[in-house]
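What follows is a set of notes on a single structure, which appears directly below.
The values are calculated or read from the model by the stated rules, or taken from the named source; none is laboratory data. Given the structure is predicted, the values throughout are model-derived calculations rather than measurements. Cβ placement follows ideal geometry from the backbone for every residue including glycine, while neighbour counts extend to all protein chains displayed.
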Amino acid sequence: MARYSDEIIDDVRQSNDIVDVISQYVRLKRSGRNYFGLCPFHNEKSPSFSVSPEKQIFHCFGCGVGGNVFTFLTKIEGINFVEAVQLLAERANIQLPTLENNMDSAKEALKAKVYKVNEFTANYYHENLYKPESKIAQEYVKKRKLSNETLKSFQIGFSGKFDELYRELKKQGFEDREILESGLVNKNERGQFFDQYRNRLMFPICDVRGRVIAFGGRVLDDSKPKYINSPENVVYSKGRHLYGLNVAKKYDINKRLLIVEGYMDVISLHQRDIHNVVASLGTALTQQQGYLLRNNTEQIILSYDSDEAGQTAKIRAMEILQNMGCDIRVLQMEGAKDPDEYVIKYGNARFQNLVDKAISVIEFKVKILRQSLNLESTNDKIKFLNEIAKLISKIDNSMEREVYIEKIAKEYDVSKEAIYAEVNKLTYRESKDEKLLSKSKPVVRHIEKKETDNVSEATKRRENTVLAILLLGDRNIYEIIKQNITIQDFKYEIDKKIAEKLYEEFENGNSNISSIIDNLSEEEQNHITMIMAEDYGIDDVEKAIDDIIQSYEKDKLNERKIEILELLEENTIEENKKKELEKELNDIIIKLAKIR
Ligand SMILES: [Zn+2]
């Protein structure tokens, strides 16, 4: 893989603060010297993902992943190192030199072309909408009462006939290969090119940065399928984007964000001044979309259609988002099948009111449960109470529990005491089970530790402290450490590997820690950032080094002591040699006493 020079990489790194970059993906809160947030790489409910502005690194204490700003981007965007450099260079307005021709840059070039094809097509379709021959589309947008402003902000357009787009793209100088890759044009067995979208209302799909990555097209008559979407290609992968997020981000979406099913819901709500809304592009919400939502807002309002498909989608989304620790509410809509229809029928104010009254996941589940039961029947009533108790016993906060019990009792006309009794029974049973379980706990946790079993925790801590001090990047301190601690003194394999690299870098006159990270393996990066992120309580570096060097010294003396004692045990030893060893042993014991 071709690489940029170290100077350029350094330049790009220094122009992109890691806190700024990560903040685009993760909501960070400052706590002391570091920032914390929910890790985007594993599911968690309390933040263990830390970012250090001083050291320009991130590390998750939950899943152990860590690295610098480039590492973060490669992981979160699923791109390689060179692409991460390019992305950050663009962000900081740094002009990169072109890399020599190879596979990567060929792919990059194709990507760049496909973005261009998409951008041109979005404009072309949009302008098409205003032409006299697009009457059917004009009538449709008029019927949907879409204003010119809305049509513009979402770049809504109309696709033409046969191969109109293809011919237009050729006129612009695009090559067949680039046009086909975009998925906007297909080729049949006879080698003829024809447009993928014909006579459809067109919705460009953009990424967060506003680049057109794909299209959705809706028919304007009864033909099927009603909607078609771009296939995946070099610039578009399904489930990684949210429709309308690029537009919504221009408004305040920090507190609350609505997620709906379709393009028209997003557009319709925007037009009626409800801007904090995005669509999941297809019914099933993905994990990645979940992260996008979580990273952009505090509360997510599930506003899917009220039909069966919408209901299923709602439950699926709930599972994903709950596992991520999101605050979710469910919109309860009556008198319309989707938000689009609702807001057209009843207007902005009433829709806002629905949003304010959106219910919690527990309330939603109780409601669904109630619909499947006949509370006149004793059996069903018992079942209802049981299930409610199960839901409520999962809430940790006792205040919150009470609020729900109160609410449910009132709404479904069951006695509060009955719910309490049921919940208490359940939690009692669970605590008993837990006790039983803890008595016969299987030995699973030891497996991961096995590899390093022969290295004590104290040794590991000491080695990590040495590395933490080296990572301060001070040359003078390195010289002292080097004289007293050799690579061979590191017992923990990964510490040894990292120490070796650090020593080498210092010998080469490089003490720029951030650049060292780029040359480490994934495992080494995770380990080194853990060391950097952990607070080793080093206030006085000189004193810390003294202590460590002494403890190494002590170890060496002790090792030698044992060696001598073993030698003295042997009968074959010469008298002279014996005296010598005894003298050495004596010295060692005196030295050891001094250290203690
Ligand atoms: Zn993590």
One residue is enough: does region 519-534 have a residue meeting the conditions exposed (fewer than 13 other Cβ atoms within 10 Å of the Cβ) and not acidic (Asp, Glu)?
yes
Six or more apart or on different chains, Cβ atoms under 7 Å: show the pairs whose first residue is in region 61-90 and without any contact (Cβ under 8 Å) to a residue 40 or more places away in the chain and of a type in the set (Phe, Trp, Tyr) and whose second is away from the ligand (no atom under 16 Å from the Cβ) and outside any helix (DSSP H, G or I).
none
Mind checking whether some residue in region 16-28 is over 30 Å from Thr98 (Cβ atoms), surrounded by fewer than 16 Cβ atoms within 10 Å (Cβ to Cβ) and not assigned by TED's automatic domain parsing to the domain that holds Ile513?
yes
In region 155-171, which residues are in a helix (DSSP H, G or I) and surrounded by 15 or more Cβ atoms within 10 Å (Cβ to Cβ)?
Glu164, Leu165, Tyr166, Glu168, Leu169, Lys170
Region 263-286, subset assigned to a loop (DSSP other than H, G, I, E, B) and aliphatic (A, V, I, L, M), residue farthest from Gly310 (Cα to Cα):
Ile274
Can you find a residue that is away from the ligand (no atom under 16 Å from the Cβ) and out of contact with any strand residue (DSSP E or B) (no Cβ under 7 Å at 6 or more places or on another chain) anywhere in region 57-72?
yes
Failed item in (1) among the hydrophobic types (A, V, I, L, M, F, W, C); (2) within 25 Å of Leu293 (Cβ to Cβ); (3) within 16 Å of the ligand (Cβ to nearest atom), with Val21 passing the rest:
(3)
The one condition Lys131 fails out of (1) at pLDDT 90 or above; (2) among the charged types (D, E, K, R); (3) closer than 20 Å to His241 by Cβ is (3)
Being away from the ligand (no atom under 16 Å from the Cβ) and of a type in the set (Val, Ile, Thr) is the filter here, so list the residues in region 73-95 that pass it.
Ile79, Val82, Val85, Ile94
Do we find that Glu108 is away from the ligand (no atom under 16 Å from the Cβ), assigned to a loop (DSSP other than H, G, I, E, B) and modelled with pLDDT under 85 in this structure?
no
Could you count how many residues in region 174-218 are part of a helix (DSSP H, G or I) and either charged (D, E, K, R) or free of Cβ contacts under 8 Å to residues at least 40 places away in the same chain (or both)?
5
So which residues in region 352-376 are closer than 18 Å to Ala317 by Cβ and polar (S, T, N, Q)?
Ser360
Can you name the number of the only condition in (1) within 16 Å of the ligand (Cβ to nearest atom); (2) of a type outside the set (Lys, Arg); (3) at pLDDT 90 or above; (4) surrounded by fewer than 19 Cβ atoms within 10 Å (Cβ to Cβ) that Ile136 fails?
(1)
Restricting to region 41-56, give me the number of residues that are crowded, with 22+ Cβ neighbours inside 10 Å and near the ligand (Cβ under 9 Å from one of its atoms).
1
